[in-house]
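To keep things clear, I will list the structure first and then write my remarks on it.
The values are calculated or read from the model by the stated rules, or taken from the named source; none is laboratory data. As the structure is a computational prediction, the values presented were derived from the model and not from experiment. No Cβ is skipped: glycine too gets one built from the backbone with ideal geometry, and neighbour counts run over all protein chains shown. Remember, those area values only see protein heavy atoms, side chains included, never the ligands or the DNA or RNA. Shrake-Rupley method; radii C 1.70, N 1.55, O 1.52, S 1.80 Å.
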Amino acid sequence: MAAPTPRSVLATLPRYVAGRRADEASIARLASNESHHAPLPSVVEAIATAAAEAHRYPDIAATDTRARIAATFGVTVDQVALGPGSVGLLQQLISAFCDPGDEVVFAWRSFEAYPILCRIAGAVDVAVPLRADESHDLDAMRAAITDRTRVVLLCTPNNPTGVAIPPAELEAFVAAVPSDVLVVVDEAYVEYEHGGMTLGTVPLIAAHPHVCVLRTFSKAHGLAGLRIGYAIAAPEVAEALRSTALPFAVTDLAQVAAVRSLECAAELAVRVKEVAAERDRMVEALRSARWTLPHSDANFVWLRMPDQDRERLVDRLDEAGILVRGYAGDGVRITIADRATNDRVLAALGVAP
Ligand SMILES: *Cc1c(COP(=O)(O)O)cnc(C)c1O
């Protein structure tokens, strides 16, 4: 007897390729853009304290956490929605705004979760190629908007290329997009742009209520394992995101860690600045060795190359105990870690530090 058949769209989904896990300490895990730093001690302490209450459901309204985020950005509590990572928020967002057949426009190559989440929801993913310099082709994205477009996703700095959208270009784009189309700005790596807490695109929301900013605690804050991200948007948009949330998806452990982490912004900024400096050093070293790569504003570098070269490079690094992320048809992304690990990468690539 056969088991029930799931929806046919599932067979068409690109697979989300997670960075491989490795238990040996000597293996460098540079495939998922995680922070190489463990959470700050005071954050771990807050998690441990909250663990004693794990028999209780979390605070579903998450008012304290949202208030803390709102204060950081100078917005109101009703403008903040939480999700289990910003991937969770993206799913909430697509189910809040897209009926089957509605279109979602994004650049490609960009974050691999975008087409997967669109298709699961029955929405149509419209991928607009990046320009030759790896930047978003905002004119082409604007031209790709149709009557069926409900959402445009901008990833800045872009994963996996590291290229950010200049703020003036982003604002002009937002102003040119019809106000009934939601422009979602995925700022997962924004802290690395200038090495610290930054307001990013949030200030645009006041004049442009069709802008929604997504942030995460998974990267600069080093809390990827706890699953917490947030959206900042107009109150109506944030309310819609809360309506489509899986109940209790964001645990109290994640919430207390996030709040504590925001309170440690200065300490975190030191780490973020270090990573940004290491990133710039890596880009320089690779360019000196005649690699061609864009300036990265994130915690990784991007090497575009043909598939044959990509396979060889990933294998070479693998043999050196370094896990990186290869993308079929596009290239290789390498997460920045501490100086010694980054030097191992350079050595494996035959590049002088
Ligand atoms: C890592 C990442 C996220 C965040 O994922 P979480 O679900 O918050 O862990 C979101 N967008 C992009 C582009 C990313 O690279």
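Filter segment 222-249 down to the residues that are closer than 19 Å to Tyr57 by Cβ and among the charged types (D, E, K, R) and list them by number.
Arg227, Arg242
So which of Val128, Val151, Val124, Val104 ends up being open to solvent by 50 Å² or more (accessible area, probe 1.4 Å), away from the ligand (no atom under 14 Å from the Cβ), touching a strand residue (DSSP E or B) at 6+ places or on another chain (Cβ under 6 Å) and β-branched (Val, Ile, Thr)?
Numbers: Val128 fails: open to solvent by 50 Å² or more (accessible area, probe 1.4 Å); Val151 fails: open to solvent by 50 Å² or more (accessible area, probe 1.4 Å); Val104 fails: open to solvent by 50 Å² or more (accessible area, probe 1.4 Å).
Residue meeting the stated conditions: Val124.
Contact list please: Cβ distance under 7 Å, first residue in segment 211-228 and under 10 Å from Ser35 (Cα atoms) and open to solvent by 10 Å² or more (accessible area, probe 1.4 Å), second residue part of a loop (DSSP other than H, G, I, E, B) and within 8 Å of the ligand (Cβ to nearest atom), pairs at least six apart or on different chains.
Final answer for the pair search is Lys219/Asn33; Lys219/Ala188; Lys219/Tyr189; Ala224/Ser218.
For segment 326-340, give me the residue count where each residue is over 18 Å from Ala289 (Cβ atoms), touching a residue at least 24 places away in the same chain (Cβ under 8 Å) and open to solvent by 20 Å² or more (accessible area, probe 1.4 Å).
Of the residues in segment 326-340, 2 are over 18 Å from Ala289 (Cβ atoms), touching a residue at least 24 places away in the same chain (Cβ under 8 Å) and open to solvent by 20 Å² or more (accessible area, probe 1.4 Å).
Any residue in segment 288-317 that's at pLDDT below 95: show its pairings with residues that are part of a loop (DSSP other than H, G, I, E, B) and surrounded by fewer than 18 Cβ atoms within 10 Å (Cβ to Cβ) at Cβ separation under 7 Å, as long as the two are six or more apart or on different chains.
none
Suppose we filter segment 209-227 for residues that are more than 18 Å from Cys155 (Cα to Cα), more than 7 Å from the ligand (Cβ to nearest atom) and assigned to a loop (DSSP other than H, G, I, E, B); how many remain?
The total comes to 4.
Which of the following residues is closer than 18 Å to Leu223 by Cα and out of contact with any Gly (no Cβ under 9 Å at 6 or more places or on another chain): Val275, Val259? Before the answer, list the steps.
Details: Val275 fails: out of contact with any Gly (no Cβ under 9 Å at 6 or more places or on another chain).
When all the criteria are applied, what remains is Val259.
Could you count how many residues in segment 275-323 are in a helix (DSSP H, G or I) and either hydrophobic (A, V, I, L, M, F, W, C) or crowded, with 17+ Cβ neighbours inside 10 Å (or both)?
13
Please determine whether any residue of segment 175-198 is modelled with pLDDT under 95, open to solvent by 60 Å² or more (accessible area, probe 1.4 Å) and away from the ligand (no atom under 16 Å from the Cβ).
The answer is yes; a qualifying residue exists.
Counting just the residues of segment 230-252 that are in a helix (DSSP H, G or I) and open to solvent by less than 10 Å² (accessible area, probe 1.4 Å), which one comes out farthest from Val77 (Cα to Cα)?
Leu241
Within segment 2-13, can one find any residue that is within 16 Å of the ligand (Cβ to nearest atom), within 21 Å of the chain's Cα centre (by Cα) and not acidic (Asp, Glu)?
Within segment 2-13, the subset within 16 Å of the ligand (Cβ to nearest atom) is none.
The answer is no, given that none of the residues of segment 2-13 is within 16 Å of the ligand (Cβ to nearest atom), within 21 Å of the chain's Cα centre (by Cα) and not acidic (Asp, Glu).
What single numbered condition from (1) closer than 26 Å to Leu262 by Cβ; (2) touching a residue at least 12 places away in the same chain (Cβ under 8 Å) fails to hold for Pro41?
Going through (1) closer than 26 Å to Leu262 by Cβ; (2) touching a residue at least 12 places away in the same chain (Cβ under 8 Å) one by one, Pro41 breaks only (2).
Within segment 155-172, restricting attention to residues that are assigned to a loop (DSSP other than H, G, I, E, B) and not polar (S, T, N, Q), which residue is most open to solvent (accessible area, probe 1.4 Å)? It would help to see each step written out before you state the result.
Residues of segment 155-172 that are assigned to a loop (DSSP other than H, G, I, E, B), as a first pass: 156-166.
Those left that are additionally not polar (S, T, N, Q): 157, 160, 162-166.
Working: Pro157: 0, Pro160: 0, Gly162: 0, Val163: 22, Ala164: 21, Ile165: 12, Pro166: 60 Å².
My answer is Pro166.
With Arg119, Arg109 as the choices, which residue is within 13 Å of the ligand (Cβ to nearest atom), touching a residue at least 12 places away in the same chain (Cβ under 8 Å) and open to solvent by 20 Å² or more (accessible area, probe 1.4 Å)?
Numbers: Arg119 fails: within 13 Å of the ligand (Cβ to nearest atom).
Of the residues listed, the single one that is within 13 Å of the ligand (Cβ to nearest atom), touching a residue at least 12 places away in the same chain (Cβ under 8 Å) and open to solvent by 20 Å² or more (accessible area, probe 1.4 Å) is Arg109.
How many residues, within segment 257-274, are surrounded by 23 or more Cβ atoms within 10 Å (Cβ to Cβ) and under 16 Å from Ala71 (Cβ atoms)?
Qualifying residue count, segment 257-274: 2.
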